[in-house]
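The next block holds one structure in the form of structure tokens; read it before the comments.
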Amino acid sequence: MTTAPPPEFVKRPTPVRKANRAIDERFGTQAGLRRNLNKVFPDHWSFMIGEIALYSFIVLLLTGIYLTLFFDPSNTEVIYNGSYVPLKGVEMSRAYASTLDISFDTRAGLVFRQIHHWAALVFVGSIVVHLLRVFFTGAYRKPREVNWLIGVGLLVLGILEGFAGYSLPDDLLSGTGLRIAASIAQSIPIIGTWASFMLFNGEFPGANFLPRLYVIHILLVPGILLALIGAHMGILWHQKHTDFPGPGKTEHNVVGHRVFPIFAVKSGGFFMMVFAMLALLGGLAQINPIWMFGPYDPSKVSSASQPDWYIGFLDGSTRLMPPWEFRGLGHTVPAVFWPTAVLPGILFTLLALYPFLEARFTGDTKSHNLLQRPRDTPVRTALGAMSISFYLVLWISGGNDVIAKTFSISLNAMTWAGRIGLIIVPPIAYAVTKKLCIGLQEKDAEIAHHGIETGIIRQLPSGEFVEDHRPKPELVPDHPHVPTDRYALPSANGHDDGHGKGLARRAGKAVSGFFVEEKEPGTPGHDTPAGSEKH
Amino acid sequence: MSDQTDPGEPGPAGAGGGDQPAGSASERMDYLGYQGEPADKADQDSMSSIFKRAKHPVDTSGAPAGGSGVSAGGPDVAAGTSDGPEALGTPPHQTDSSRIPETTAMRPAGGHGGGVTPRPPRAEDVDRRAERRAERLIAFWFMISVVGTVGFVITNFVGDKHKQYYTPCLGSALGMAVGGLGIGMILWAKRLMPHEQAVQERHEFTSSKEEIATTEAELTAGFADTGLARLPLLRRTLLGAGTVLGGLVVVPLLNLTNAKPGKKLDHTSWVKGARLVTEDGRFIKLGDVSIGGIETVFPALPVTGADGTVSYEPRTDVQTKADSTTLLIRLPPGIDRPRKGREDWSIDGHVAYSKICSHAGCPVSLYEQQTHHLLCPCHQSVFDVLDGCRAIFGPASRSLPQLAIAADANGFLYARNGDYDEPVGAAFWERS
Ligand code: HEM
Ligand code: FES
């Protein structure tokens, strides 16, 4: 458990050590390598949600590359002659035909297509859940606002990328979605018509639009996503992960596993698990069976067809929108403009600005590394619940025709329920959540003051009955805590961690905050006064 | 949103123990406590005290007043609860059992490790055979992965891609291949790697004042060296050139389309005299559609041949369909309420309206015969056919445009006035 003095330099290096030294001679890697391999990551199940997003993105890259090898993003019309009998002889675009070929005539084509689609759903889903985790625990507070902004960007781009993806196969569903997208672009005041024409290269359905969409889907947006994910991880790495309060954890330390080996092996294993789950879904659960929809035809539509889930809230807002169209002065601002361009614009802007708004209203300008429990911040938690309920009303309304049909409710009733619900549900969610949080806080305070009920009732000499309370036990860490660095280098080493604080001193500080070990003569770490740190 | 109590400080404000000096002795206790011995003991203590208490109700008459009676329970009790009322001699609230010796005695001196049992060491840590067992289990999962990989390869090459089993087998095999490795790796980290948590210090990101001042001075000096502050002409032309160059992005943007919008959105492919033709090339005649019936039709453009005869060329390509798709509905006689000026736009109960929804352009495809309502499946706008396809529910706010039709001598329906007299489909800024 102690930080040992520096080990001997091995005179006869093994091939691995040789390689390490060869690299070091060229790049001087040792201090940085050690620092990064010894980086500590805290352990909590909720921190794995972001990892799911990361891993499903990797799966998207892998399966997407496979699809590019067989997919032909061309609008050229061909007569289908593949092995899917019901569509034989039907005229369709090469894009749709090649998607059919991927599904029926390519080895492992369908399984990778379906994994790709499932991974897209999981990708956006895990981003949203990850965002909620970050929100409700206050992880976005200073100094982590930039990563919050990047995260919002990733969410928006992920939704765009998914939409571009499922618009590629040029089936009836994707064409219908694109038509609505064109109408939305067209609805923007002043520049709308131009925007739509520039996007589609002419009036919808445009001229050779699919190659353009393809570049957006496999190069432009994934490129930006990759860069943003890189920045997201880089900032996380640099700033270190937040953690929940717990035994031995302070604002000034991180308690968890070192990157090498435990965190790396665990994360690698978790990546494999996410991949395996997506592989099973892709193999066993059918998704986006484009052969059942048929090729795109602007005069046809499949009723009760639903977009991918992450588009649902926009579908819902569009459905609930009253027919308010501004007409006058020779111009029109169409009704679609408000629920599909203005509303998401406002929602995502508010989302992005939230950390700054909160800091402004609470006056909290301090940096934070420890997370908060939702109940401890009732207003924030209530705002979060309010937003979720707003989103859910929109999302459910996106499928209101399906619900109306399933439960034999009139569609008009569903629409009105959505319109009214959108106004009254969020405030209720706010009030209820806030009450709940305060109630939980009071309960906590009571336990802290009176202790935990034991269920033992005693009669006092006065005849009164009282229940025994047991003081709340203090939590102890369930793993032994050790310093980050196994070996201590003398501070004078020059090649230290670059923060002006010796490795040994950091070890000493890490140790002194929590436990004390046998003082070993000659271990410099323990001769450093822990209080001499500059803050 | 205030700062939390720092949980790293030993002994937060629990009853008792709070004032235990945060000395090294107690901390060492805590650390050792993990190893098992003192904590186990503490736990036994607490167990026994519950039973003791259950069997022998406590005489609380000794409990009030922070006197000697309390300290019988343990040295830390009285000291830990030195709030005002007690000093005044008021008895504490009787259910507040932290003042009762028996209860408080459950907490071991020092206030650490009480009540919560730290995880005992894993079997793998102390038993070589358990370690071997874990190793074998992990190896088993790694082998499962190999089986999955082999299964994937075999299914891929030997399997018949046209059979039902093909995709499920591939997916399951791949799931096994990566999942086996995944489960194995997680077990490996959990069961065989040391159970310990490293503590790493965080450092502040704010630099020291000297650091900041120096950097700022460097930047200021560097900026002065550029001369931008001194030489206004240099500054202005540089800014100007940058702005002009930035404006250049407009060029590639405009190059994105060769087709300027112009009036394109105002027109469809319908022309005067174009016949109504179905998807499969049938020209619609009076009587083809029964009363209450509905038909999706497209324009068949009149082409005058060299010999002067007129033929009709059906246009059912995607481009035409996108704006010219039209619904032909035959209403029972006498119920249509045509708009002013449109009285002769229909013939014998046949009315024609654009199928492109005036909301966002979906094909309006559901027709309810009883109510004569058209429903758009995209956002459920409802149009009343009898009332000039007025939008009566949902987000659409404009009626579906009507196409004036008539029948020629042979009974073929054709576009009487040419194109729609307003843009079809979704609205846009230039639409008045
Ligand atoms: C965040 C990343 C991505 C998301 C959310 C995403 C989403 C989607 C979706 C939903 C589809 C429709 C699949 C279907 O037909 O069921 C799709 C298709 C496709 N994606 Fe992606 N994708 C992503 C990244 C990529 C990348 C990086 C590539 C290639 C390098 C790629 C290549 C393709 C191709 C070629 C298709 C069309 C093939 C087909 O539909 O069968 N995707 N994508
Ligand atoms: S497109 Fe018809 S209701 Fe929206």
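The values are calculated or read from the model by the stated rules, or taken from the named source; none is laboratory data. What you see is a predicted model, and the numbers here were worked out from it, not measured in a lab. Every residue, glycine as well, gets a Cβ built from its backbone with ideal geometry; the counts of neighbours run over all protein chains shown. We work out accessible area using only protein heavy atoms, side chains counted, and drop any ligands, DNA or RNA first. Shrake-Rupley method; radii C 1.70, N 1.55, O 1.52, S 1.80 Å.
For the range B:328-407, the solvent-accessible area works out to 32 Å² per residue, with a probe of 1.4 Å and every protein chain left in place.
In chain A, the sites counted are trypsin sites (Lys or Arg not before Pro) in DSSP loop states with at most 16 other Cβ atoms within 10 Å, and the longest stretch holding none of them, exclusive of the sites, is A:108-365.
Could you work out how far helix A:221-239 tilts from the main Cα principal axis of chain A, as a 0 to 90 degree angle to the nearest 10? Once rounded, the angle reads 10 degrees. Only protein atoms count toward the accessible area here, which uses a 1.4 Å probe; on chain A, the carbon and sulfur part of that area reaches 68 percent.
Exceedance of the 22 Å cut-off in Cα-Cα distance is limited, within the set A:K300/B:K263; A:K88/B:K161; A:K39/B:K190; A:K240/A:K266; A:K249/B:K209; A:K366/A:K443, to A:K300/B:K263; A:K249/B:K209; A:K366/A:K443.
Restriction of the chymotrypsin sites (Phe, Trp or Tyr not before Pro) in the range A:386-424 to DSSP coil positions whose beta-carbon has at most 13 other beta-carbons within 10 angstrom yields A:F407. When B:T206, B:T226, A:T454, A:T381 are compared by accessible surface with a 1.4 Å probe, the order from highest to lowest is B:T206, B:T226, A:T454, A:T381. Across the range A:154-171, computed HN-Hα scalar couplings (Karplus, 6.51 cos²θ - 1.76 cosθ + 1.60, θ = phi - 60°) run 4, 4, 4, 5, x, 5, 4, 4, x, 5, 4, x, 7, 8, 5, x, 6, 8 Hz from first to last residue, x flagging Gly and Pro. Using equal-weight Cα scatterers in the Debye expression, the normalised intensity of chain A in log10 at q = 0.10 Å⁻¹ is -1.01.
Interface burial in the range A:254-269 reaches 50 Å² or more for A:I262, A:V265, A:K266, comparing the full protein assembly with the chain by itself; accessible area from heavy atoms with a 1.4 Å probe.
Relative to the longest principal axis of the Cα atoms of chain A, the long axis of helix A:378-397 makes an angle of roughly 20 degrees.
Using R0 = 22 Å, the C-beta based FRET efficiency linking B:L137 and A:H44 works out to 0.30. Excluding ligands, DNA and RNA and using a 1.4 Å probe, chains A and B jointly bury around 12100 Å² of accessible surface, summed across both partners.
For the range A:313-325, 3J(HN,Hα) computed residue by residue from phi via the Karplus equation (6.51, -1.76, 1.60; θ = phi - 60°) reads 5, 6, 4, x, 5, 5, 5, 7, 4, x, x, 9, 10 Hz, glycine and proline entered as x. Charge tally for A:G398 (other residues, Cβ to Cβ under 12 Å; Lys, Arg +1; Asp, Glu -1): -2. Heavy atoms only, probe 1.4 Å: what % of the accessible area of the range B:265-405 goes to carbon and sulfur, would you let me know? Heavy-atom surface of the range B:265-405 belonging to carbon and sulfur, 1.4 Å probe: 50 percent. For chain A, the relative contact order comes to 20 percent (Cα pairs under 8 Å, sequence separation of at least 6).
Taking label positions 7 Å along the Cα-Cβ direction at both B:E211 and A:I346, the computed distance is 4.3 nm, reported to one decimal. The local environment of B:L374, defined by Cβ-Cβ distances under 13 Å, has a net charge of -1 under the rule Lys, Arg +1 and Asp, Glu -1. Relative to the Cα centre, the charge distribution of the range B:280-432, modelled as +1 at Lys and Arg Cβ and -1 at Asp and Glu Cβ, gives a dipole magnitude of about 340 debye. Please list, in order, the residues from the range B:242-281 whose amide nitrogen is less than 19 Å from a point placed 7 Å along the Cα→Cβ vector of B:D348. From the range B:242-281, the list is B:273-278. Modelled spin labels at B:I154 and A:M233, positioned 7 Å past Cα toward Cβ, are 3.5 nm from each other. Between the helical axis of A:264-284 and the longest alpha-carbon principal axis of chain A there is an angle of about 20 degrees. For the segment A:194-205, counting C-beta atoms of other chains within 10 Å of every residue's C-beta and taking the mean gives 6. Over the range B:123-257, Cα pairs under 8 Å with separation of 6+ residues give a relative contact order of 22 percent. Model label sites at A:L219 and B:I291, defined 7 Å from Cα along the beta-carbon direction, differ in position by 6.1 nm.
Taking all protein chains into account, the per residue accessible area for chain A stands at 46 Å² (1.4 Å probe). Residues of the range A:287-313 whose accessible area (probe 1.4 Å, heavy atoms of protein chains only) drops by at least 20 Å² once all protein chains are present, relative to their chain alone: A:D297, A:P298, A:S299, A:K300, A:V301, A:S303.
Considering all different alpha carbon pairs of the range A:114-203, the Kirkwood hydrodynamic radius works out to 15.3 Å.
At a Förster distance of 35 Å, what's the computed FRET efficiency of A:E464 paired with A:L436, Cβ-Cβ distance as r, to 0.05? Taking R0 as 35 Å, the efficiency between A:E464 and A:L436 is 0.60.
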